[in-house]
Amino acid sequence: MKFFGPHACEEALKRGELHTLWISSTIWNRVDSFRKLARKSRVVIHQEPLEALERRSNGLKHQGMIGEGSEIAFVELASFFPLMVTKKDQVLLIALDGIMDPQNLGAILRTCSAAGVDGVILPERRSAGITESAIRASAGTAGRVPISRVTNLGRAIDELKSAGAWIYGLSSGDKTENYLNESFDRSVVLIMGSEGDGLHQKIAERCDRLLHIPMPGSTESLNASAATAVALFRVLAARTKAL
């Protein structure tokens, strides 16, 4: 796994996933404190001309620093279950159904980090992976939120429901309710589908409630990352208002 740019490399170092660094001579002195931290963690560091990093990055933006290390570690779905007891009605999880674009996934993970989401659930199929592109789109924050990769999203939803979570699906159509009318005063799993296809039928059928974001303007829908941001911060606002 490669990490492009100082932010992504710093995050990888914090998680203990960074093994090797290539740093351009143009920023070498500016990142002295980071180099010292990396050396303490036994990261191998190379100073290279900017042209060498350009070749190494294959045209991707790197801001003078490229790292290499291990993949982001996933957590077990069951690790979220105790939260239903310890955090009670404040649990907030995101499940992604059919998000195939790594740029969208990275942006969603960045929003989840900003919103303090407790975890993200990704299916092994019909989903973008935690790739270099997704990490870059997340501005290096992809590993801040626990991520569980599940073989069957429907079964995972059933297990979360049994553990006490309330399942909301963001969708469109006549059978959905306005998300502004929800108090979200319980453990929440918010399921986001793709912009084009929305939620798969078997996933939608498992939801306790289907919600839509009103669109008073001329645009009919938001992309997945924008819709996730709107929905997540609505949950936080509704909970703050209830306090």
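Here is how the numbers come out for the structure above:
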| item | result |
| --- | --- |
| Dipole of segment 54-184, positive end: most advanced residue of 94, 75, 153 [Cβ charges, Cα centre] | 75 |
| Expected 222 nm ellipticity per residue - DSSP helices of 4 or more, -39500 (n - 2.57), all of the chain, to 500 | -10000 deg cm²/dmol |
| Beta bridges by DSSP in the chain, antiparallel share as percent, to the nearest 5 | 25 |
| Top positive-direction residue, dipole computed over the chain with Cβ charges, set 116, 20, 226 | 20 |
| Contact order normalised by residue count of the chain, Cα under 8 Å, 6+ apart, percent | 21 |
| Residue range of the chain that is longest and free of chymotrypsin sites (Phe, Trp or Tyr not before Pro) which are both DSSP loop and sparsely packed (at most 15 other C-beta within 10 Å) | 75-243 |
| Cα centroid of segment 209-230 to Cα centroid of segment 59-79, whole Å | 29 |
| Point-to-point label distance, residue 181-residue 39, nm (Cα→Cβ direction, 7 Å offset) | 6.3 |
| Gain in span if fully extended, residue 1 to residue 28, counting 0.36 nm per residue against the direct Cα distance | 7.5 nm |
| Gyration tensor (alpha-carbon) shape descriptor, segment 145-243, a/c threshold 1.5 | oblate |
| Number of Lys pairs (Cα under 22 Å; 8 or more positions apart or on different chains) in the chain | 14 |
| Only Lys, Arg (+1) and Asp, Glu (-1) charged, at Cβ; segment 2-69 dipole about Cα centre in debye | 240 |
| Length-normalised contact order of segment 11-114 in % [C-alpha pairs under 8 Å, at least 6 apart] | 29 |
| Cα gyration tensor category, rounded, prolate or oblate, for segment 77-242 with a/c compared to 1.5 | rounded |
| Per-pair calculated FRET efficiency, R0 = 35 Å: residue 74 and residue 50 via Cβ, rounded to 0.05 | 0.50 |
| Residue 162 paired with residue 88, simple spin-label distance in nm, labels 7 Å along Cα-to-beta-carbon | 2.6 |
| For segment 104-120 and segment 21-48, distance of Cα centres in Å | 28 |
| Using alpha-carbon coordinates, inclination of helix 102-115 to the longest axis of the chain, degrees | 80 |
| Student exercise, the chain dipole from Lys, Arg, Asp, Glu Cβ charges, in Debye to nearest 20 | 800 |
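A short reminder: the numbers here are calculations on the coordinates, not readings from a lab. Quick caveat: nothing in here was measured; it's all calculated off a predicted structure. Cβ sites come from the backbone with ideal geometry, for glycine too, and all protein chains shown count toward neighbours.
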